[in-house]
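Structure record follows, encoded as structure tokens.
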Amino acid sequence: LEQSRRDDLESLGYVLLYFLRGSLPWQGLKADTKKQKYDKIREKKVSTPIEVLCKSLPVEFASYLHYCHSLTFDQRPDYGFLKRLFRDLFTREGYKLDYVFDWTILKYQQTQ
């Protein structure tokens with residue numbers, strides 16, 4: 001099965017939701033065979049509305065997933081739009097882009 005940039009972006013969205021929520025609705029599903037399990041996972045992904053996945057999160061997360069779902073298989077995503085979406089959220093939440101990251105601070109503290 002061939003993957004596309006659309007699939008990669010959708011997967012990234014699910015990773016972000018996993019980080020924020022701690023789990024996804026299709027985790028832990030049980031089935032007798034791998035095929036049945038993958039079918040259950042696919043059905044749960046298809047049947048779970050984006051608004052349910054992104055409930056109580058900033059609207060940008062739902063916008064991101066809706067955008068991913070709107071892409072055709074071969075379509076080149078508008079990466080600038082996606083970056084702006086989250087950069088604007090970052091700014092609205094009061095963060096400053098100072099290029100100091102958690103792992104930079106940790107590494108600095110370990111060398112002191």
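A Cβ distance below 8 Å, combined with a sequence gap of six or more or placement on separate chains, defines the contacts here; from segment 21-33, residues that are under 15 Å from residue 48 (Cα atoms) reach residues that are surrounded by 10 or more Cβ atoms within 10 Å (Cβ to Cβ) and of a type in the set (A, V, I, L, M, F, W, C) in the pairs 24/17; 24/53; 25/52; 25/53; 26/41; 29/41.
Of 91, 72, all but one fail to be within 24 Å of residue 9 (Cα to Cα), loosely packed, with under 10 Cβ neighbours inside 10 Å and polar (S, T, N, Q); the exception is 72.
Of the helices (runs of 4 or more DSSP H) entirely within segment 1-77, those holding at least 3 residues that are on the phi < 0 side of the Ramachandran plot and not β-branched (Val, Ile, Thr) occupy 5-21, 34-47, 59-70. Restricting to segment 21-66, name every residue that is among the hydrophobic types (A, V, I, L, M, F, W, C) and loosely packed, with under 10 Cβ neighbours inside 10 Å. Result: 46, single match.
Throughout, read-outs are computed from the coordinates displayed, never taken from laboratory work. Owing to the predicted nature of the structure, the values given are computational and were not obtained by experimental measurement. All Cβ positions, even for glycine, are placed from backbone atoms using ideal geometry, and neighbour counts span all protein chains on display.
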